[in-house]
Amino acid sequence: MRTPKSADTPVEILPVIRDRWSPRAFSAKLVTNDLLRKLLEAARWAASSYNEQPWRFLVATKQNPDEFERALSCLAPANQQWARHAPVLVLTVVKEAFSHNGSPNRCGDHDLGLAMGNLSAQATAEGLVLHQMAGILPERVRELYGVPDGFHPMTALAIGYQGDAEALPEGWMKDQELQKRTRKPLRELVFTGAWETPYFGD
Ligand SMILES: Cc1cc2nc3c(=O)[nH]c(=O)nc-3n(C[C@H](O)[C@H](O)[C@H](O)COP(=O)(O)O)c2cc1C
């Protein structure tokens, strides 16, 4: 559903891409386990180099408050501030080597990103919102969950239903929640023939 945060695009794109955004205000509504399973199933079907599926997910929900607090404690303090109101937290972890020959998987982080893209699209289609975070405490994730060597904690995501921006503290957080979303133009991103020679004129 188009909202004031939907992308303003010169050409039409899929609604699940157009309407996804990263809020910090979450409502108290819980996410059912069936819905959560659907999101992770969408993630599972992402493409990956050698079909390695290097992604791993540590899930915590408000239905289990102790687990939720454990996951929350792995976020950087600035993220804890708003993410504590989301009903679901997920920590992501990436396997560093290929299973078939043990050599380093250069694309593991990339492939987690694809899984996150799938999960985001499914979440948007289901009327959920999510916010990904680089701001985590990777060593704490490793320690608290017993993440073995050969895997690295990468990001976290908060999942839930959109809340009221008015509930956020005054300042940058609330400002960002209400601002229009922006992107670089394609001419700065897509080249042809030589570096920084735009493929598209405008
Ligand atoms: C890998 C990744 C890490 C991010 N880390 C954080 C973070 O630690 N804290 C935060 O508040 N937002 C974080 N974000 C959200 C981005 O700031 C946001 O996606 C970006 O501003 C674009 O906004 P949009 O998602 O609403 O289009 C992260 C997003 C991604 C994809």
At 1.002 mPa s and 20 °C, Stokes D of segment 122-202 from Kirkwood alpha-carbon radius, µm² per second: 126 µm²/s
Virtual paramagnetic centre 7 Å along Cα→Cβ of TYR50, amide N under 13 Å, in segment 81-97: 95-97
Rounded, prolate or oblate (a/c below 1.5 giving rounded, otherwise prolate when a/b exceeds b/c) for the chain by Cα gyration tensor: oblate
Non-local Lys pairs in the chain, i.e. 8 or more apart or on different chains, that have alpha carbons under 28 Å apart: 15
Charge tally in the Cβ shell below 11 Å around LYS180, where Lys, Arg are +1 and Asp, Glu are -1, LYS180 excluded: +2
Peptide ranges 38-48, 17-27 listed from the most packed, as the mean C-beta count within 10 angstrom indicates: 17-27, 38-48
Hull volume in cubic angstrom per residue (convex hull over the Cα atoms of segment 74-121): 109 Å³
Cα Rg over Rh - segment 1-66, Kirkwood: 1.04
Label-point gap, in nm, between LYS174 and GLN80 - each point 7 angstrom along Cα→Cβ: 2.4 nm
Most mobile of GLU177, GLU188, GLU143 in a GNM of the chain (Cα contacts under 10 Å): GLU188
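Values quoted throughout were computed directly from the atomic coordinates according to the rules given, and no laboratory measurement underlies them. Note that the coordinates shown come from a computational prediction; the quantities given were computed from them, not determined experimentally. In this analysis, Cβ positions are derived from the backbone assuming ideal geometry, glycine residues included, and neighbour counts consider all displayed protein chains.
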